[in-house]
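No lab work stands behind these numbers, since they all come straight from the coordinates. Owing to the predicted nature of the structure, the values given are computational and were not obtained by experimental measurement. Cβ placement follows ideal geometry from the backbone for every residue including glycine, while neighbour counts extend to all protein chains displayed.
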Amino acid sequence: MDRLEIRHLGRVPYAEAYDLQRALLRSGRDHVLILEHPATITLGRRADPANIVGDPEAAGAEVITTDRGGDVTAHGPGQLVAYAIVSLDDDLASIPAHAHRMEDAVIATVSTFLAPDDVGGVGRLEGHPGVWVGIETSRPAKVAAMGIRTEVVEGTRRTMHGVALNVDIDLALFDTIVPCGIQGRPVTSLTQLGASASMTEVGTALAEELARALAPGRAVETASVLPVRSRDHRDSVGPMLDRRLRDAGVDPAAGLALGGRKPEWLRIPVRRDRGFDTTRSLIGDLNLVTVCEEAGCPNIFECWSDGTATFMVNGERCTRNCAFCLIDTRKPLALDPTEPARVAEAVDRMGLAHAVVTCVARDDLDDGGAGAIADTIRAIRDRRPGTRVEVLISDLAGDADDLQLILDARPDVVNHNLETVARLQRAVRPSAGYARSLAVLARARAAGFVTKSGIMVGLGETDEEVVVALGDLAAVGVQIVTIGQYLRPTADHAPIARHVDLSTFDWLAEQGRSLGLAHVQSSPLTRSSYHARTAAESAAPVELRRASIPG
Ligand code: SF4
């Protein structure tokens, strides 16, 4: 039987966690996601709206109706939510048995940090799902809510949603609701009960108990976006990037020297031929921006000589500040409304059968720049109907409506890079997130698009962590993955932790394919758009053919 995958994801908005769960539900693989939500009130399937008695929005909480069992509950920072997306036996008893296993795990976790005798007992309360303290007293209080949903997916009963354990949450949020629709029963937290454990400690204990309860005897793989070292460790000094790397368990001083000798496989032959010059003058004539130049791509001689390039739209200044990226991060300029037509003209003049369009992140714009990307897709389609369009997009700050603007323009391939493993996300892409990127990809795939992602190696990850990330990409339905060597653009960027050798790239590709990825392009100089046409045609020939049939 497959192993249980446990992911500690940090803070994740409810809607992103929900879409991630739905993708994992379809994957058939067993996952437990442990996370916190921003302040959110959720109403379950049987919730009575009258159980919202205050003004959650005034308390900073979003109100969301969802499809789990149970009534109304509150989520927020300081509460650990554990979603179990696992397969159950398909008999009626399996659902309450699963709920009991989840509750048992929470009871064991609470009992690790509080002596049950000191709080009047920890356990279940007949007829009221969740975990309660004070069950041997006249005034029990709820410390963890529970709501689950099951569905039969390809013949197997699968479950999602789970438990929400109050560790150090601001309990005032619960004053806006009748928690779980039960009048007169208070809600409490581990902190209110006198426990002093950190979120990380409780999260680790909860993960162990859930693994024991849900997957006894099975292998467990855990990955986390959380710091591996305490936030207050004394040696965490120096520039911000160095501190973030140390927090992620990477010693920046141990990186390879900038300008040191590169291995043979990273030496790039300079190839300036007529094709290169033609591409360069066309891009200059049309005043276009390419990521080939802006990111200092090592493949520029090969790609431009072969008459391909990746257009970068929405300006040349990015609102993010990723530790691996050379793109300019000064204040962005206004969008140029002529850009979509100029990109389309370039695609036409270059005769591209497969155009790749990427963008800077534009968190300063209401739509994150999505509208202009959609306009570019349409402009290419209008100008050159037979050309496939692959978009390499930002996470759009997780906004599903902005993503939909792009999807409505029907790109042929939706590419969004995960960039690195879970542990290094905060260190090298502090404005992005592992769960958010998986949710973007999951949403695109759920909408029926060919999906693609990319990972850099050499930032301080282990090979095994890359395999975990490949598994997560496969689990949300990604079909194409690119893996390439990280190259440090300047001394202000993250150091190179290692040069990955050729056999490891091959091994990673094999691992990816064995996890279900249709196409894995893995080599030192692989970049997101490198040989993009071949990758798409090899991974999803049927879907691409179907997409090209009008109507
Ligand atoms: S790999 Fe992509 S970004 Fe690099 S030169 Fe080729 S087309 Fe441009």
Test item: Cα-centred dipole of the stretch 249-311, Lys/Arg +1 and Asp/Glu -1 on Cβ, debye
240 debye
Note, residue 109: beta-carbon cut-off 11 Å, +1 each Lys/Arg, -1 each Asp/Glu, net -4
Dipole of the stretch 89-134, Cα-centred, from +1 at each Lys and Arg C-beta and -1 at each Asp and Glu C-beta, to the nearest 20 debye?
160 debye
Projected onto their principal axes, the Cα atoms of the stretch 422-526 stretch, largest extent first, over whole-Å spans of 41, 32, 20
Spacing of the two label points (7 Å from each Cα toward its C-beta) at residue 257 and residue 525, in nm:
2.5 nm
When you take every Cα atom in the stretch 236-357, what is the radius of gyration, and what is Dmax, the widest Cα pair distance, in Å?
18.1, 53
In a Debye calculation with equal point scatterers on the alpha-carbon sites of the chain and no solvent, what is log10 I(q)/I(0) at q = 0.05, 0.08, 0.10 Å⁻¹?
-0.22, -0.56, -0.86
Rounded to whole angstrom, the alpha-carbon centroid of the stretch 21-75 lies from that of the stretch 124-189 at a distance of 12 Å
Which listed residue (42, 351, 206) has the Cα farthest towards the positive end of the charge dipole for the chain, taking +1 on Lys and Arg C-beta and -1 on Asp and Glu C-beta about the Cα centre?
351
Per-pair calculated FRET efficiency, R0 = 30 Å: residue 404 and residue 353 via Cβ, rounded to 0.05:
0.65
Taking Cα atoms, the helix 463-475 axis meets the longest principal axis of the chain at an angle in degrees (rounded to 10) of 80 degrees
Cα→Cβ-extended label distance, 7 Å offset, between residue 94 and residue 3, nm
2.4 nm
Taking every DSSP beta bridge with both residues inside the stretch 39-145, roughly what % is antiparallel (nearest 5)?
70 percent
Sort the following peptides by mean Cβ neighbour count (other Cβ atoms within 10 Å, averaged over residues), highest first: 524-536, 59-71.
524-536, 59-71
Testing the spin-label approximation: label points 7 Å from Cα along Cα→Cβ at residue 138 and residue 363. State their distance in nm.
5.3 nm
Report, to the nearest 10°, how far helix 14-27 tilts away from the longest principal axis of the Cα atoms in the chain, using its own Cα long axis and a range of 0 to 90°.
80 degrees
Where does the chain land at 222 nm, in deg cm²/dmol rounded to the nearest 500, when only DSSP H runs of n ≥ 4 count, each adding -39500 (n - 2.57), divided by all residues?
-9500 deg cm²/dmol
Cα-based helix-to-principal-axis angle, 274-285 vs the chain, degrees rounded to 10
70 degrees
Measure out, as a whole number of angstrom, how far apart the alpha-carbon centroids of the stretch 450-486 and the stretch 249-281 sit.
21 Å
Vicinal HN-Hα couplings computed from phi for the stretch 53-60 (Karplus, 6.51 cos²θ - 1.76 cosθ + 1.60; Hz; Gly/Pro x)
10, x, 10, x, 5, 5, 8, x
Which of 103, 464 has the fewest Cβ neighbours within 10 Å, and the rest in rising order:
464, 103
With +1 on the Cβ of every Lys and Arg and -1 on the Cβ of every Asp and Glu, the dipole magnitude of the chain about its Cα centre, in debye rounded to the nearest 20, is 1100 debye
